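We did not get these values from a lab; they are worked out from the coordinates using the rules stated. The structure presented is a predicted model; accordingly, all values stated were derived computationally and were not measured. Here the Cβ positions follow ideal geometry from the backbone for every residue, glycine too, while neighbour counts run over all protein chains shown.
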Amino acid sequence: MNEILQKIQKIGIVPVIKLDDAKDAKPLAKALCDGGLPCAEVTFRTACAAEAIKIMTTDFPEMLVGAGTVLTIEQVDAAVTAGAKFIVSPGLNPKIVKYCVDKGIPVTPGTSNPSDIEQAIELGLDVVKFFPAEAAGGINMIKAMAAPYVNIKFMPTGGINANNITNYLDFPKIIACGGSWMVSDALVKAGKFDEITRLTKEAVTSMLGFELKHVGINASNETEADSTANSFEKMFGFEKKAGSSSIFAGSGIEVMKTPYLGAHGHIAIATNYIERAKFHMEMQGFKFDESTAKTDDKGNLKAIYFVGELSGFAVHLVQK
């Protein structure tokens with residue numbers, strides 16, 4: 001998978017935009033960036049698409065902007081000239097796909113059945129769009145098609161919203177989802193860019209699903225840790241469970257047998273997708289202590305600490 005699609009995977013949501021007036025491109029791009037999604041698929045369903053892409057990529061160079069609903073080679077050229085970094089189409093046109101592949105332009109054509117996927121494989125692709133996602137069978141259809149095509153990944157679009165996006169992203173063969181619920185025509189035309197920012201933040205929050213996992217307490221030694229865990233068990237019925245380096249009281253209290261990170265202890269925040277959460281937090285300027293990263297036997301990140309403390313507590317992310 002090329003680096004543009006890898007970045008899309010980390011972002012997780014691709015806002016799909018239709019603009020009728022290029023003057024809306026700049027405030028819309030700002031609203032998306034402020035909301036935590038510096039990415040957009042600008043559809044070529046209107047005459048101002050190329051101009052909108054140029055405005056976004058010029059004024060917001062940190063944004064990853066692509067072109068959607070691309071139906072001709074001429075539109076590919078116009079989009080790339082305007083600054084588009086990737087091409088998306090509703091169906092699989094071999095002529096357009098081959099043109100993009102030959103020029104090294106990332107392209108995700110629309111697919112909805114095994115025959116489409118086999119054409120994509122023949123053309124050298126390893127990521128395809130699945131469209132229209134909900135109408136074409138949704139996540140169950142994607143899982144069924146993914147089984148025989150083990151090297152293909154999907155970017156579904158169509159009918160995806162804040163309520164069902166994690167149903168898709170939980171499946172590891174899905175790199176990201178396209179959606180327009182945070183950038184509806186009505187909001188854009190009304191100039192309600194603050195509302196677009198709010199909905200974008202809400203979409204990111206819903207996707208990442210942050211929750212308090214547990215609080216860690218630094219005990220001075222194993223005896224103190226055991227005594228503290230015993231107290232929580234007696235007071236609240238939180239069952240004590242000893243581990244190699246700590247003792248849990250229930251699932252929400254971890255007492256360290258020897259002092260670890262944080263003057264007082266640590267706070268664990270669980271997330272649906274830790275790699276994606278790390279990327280989004282880094283975009284906001286937060287830093288991570290890479291030396292604290294823990295992975296599973298497949299090399300997947302499972303936990304990592306932020307740099308610094310909050311009121312004497314170290315904070316780390318943990319994969320749900």
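Shown here: log10 I(q)/I(0) by the Debye sum over Cα atoms at q = 0.08, 0.10, 0.15 Å⁻¹, derived from the displayed model; of the candidates (1) -0.50, -0.73, -1.21; (2) -0.45, -0.65, -1.13; (3) -0.35, -0.55, -1.31, it corresponds to (2). The angle separating the long axis of helix 94-103 from the principal Cα axis of greatest extent in the chain is about 70 degrees. Across every pair of non-identical alpha carbons in segment 211-319, the mean reciprocal distance, once inverted, gives a Kirkwood radius of 14.5 Å.
A cut-off of 5 Å between modelled amide H atoms, ignoring neighbours fewer than 5 places along the same chain, links Gly179 with Val14, Val16.
Taking the chain as the reference, fit the longest principal axis to its C-alpha atoms, fit the long axis of helix 49-59 to the helix C-alpha atoms, and give the angle between the two in degrees, 0 to 90, nearest 10. Tilt relative to the chain: about 40 degrees. Our helix-only sum for the chain, with -39,500 (n - 2.57) per DSSP H run of n ≥ 4 divided by its residues, gives a mean residue ellipticity at 222 nm of -11000 deg cm²/dmol. For segment 24-54, the residues whose backbone nitrogen is under 19 Å from a point 7 Å from the Cα of Thr81, taken along Cα to Cβ, are 42-54.
Computed extension gain for Ala147 through Asp21, at 0.36 nm per residue and net of the alpha carbon distance, reaches 41.1 nm. The angle between the Cα long axis of helix 222-236 and the main principal axis of the chain comes to about 80°, on a 0 to 90 degree scale.
Summing charges over all other residues whose Cβ lies under 15 Å from the Cβ of Asp126, with Lys and Arg as +1 and Asp and Glu as -1, gives -1.
A straight Cα-to-Cα reach below 17 Å connects Lys241 with the aspartates and glutamates Glu222, Glu224, Asp226, Glu233, Glu254, residues fewer than 8 places away in its own chain not being considered.
Placing a label point 7 Å from the Cα of Thr258 along the Cα-to-Cβ direction, the residues of segment 201-240 with a backbone N closer than 15 Å are 218-225. Please go through the residue pairs Lys10/Lys287; Lys10/Lys298; Lys240/Lys294; Lys129/Lys294; Lys153/Lys213 and name each one whose alpha carbons sit more than 21 Å apart in this structure. Listed pairs above 21 Å: Lys240/Lys294; Lys129/Lys294; Lys153/Lys213.
What does a probe at Asn161 reach in segment 262-278, counting residues whose amide N is under 13 Å from the point 7 Å along Cα→Cβ? Output list for this probe position: empty. Highest-first packing order for the peptide set 69-78, 17-26 is 17-26, 69-78, based on the mean count of other beta carbon atoms within 10 Å. Put a dot 7 Å past the Cα of Asp170, heading toward its Cβ, do the same for Glu122, and the two dots end up 3.6 nm apart. Subtracting the Cα-Cα distance of Asn113 and Ala135 from 0.36 nm times their residue separation leaves 6.7 nm of extension gain. Rounded to two decimals, the Cα-based Rg/Rh of segment 257-320, with Kirkwood Rh, is 0.97.
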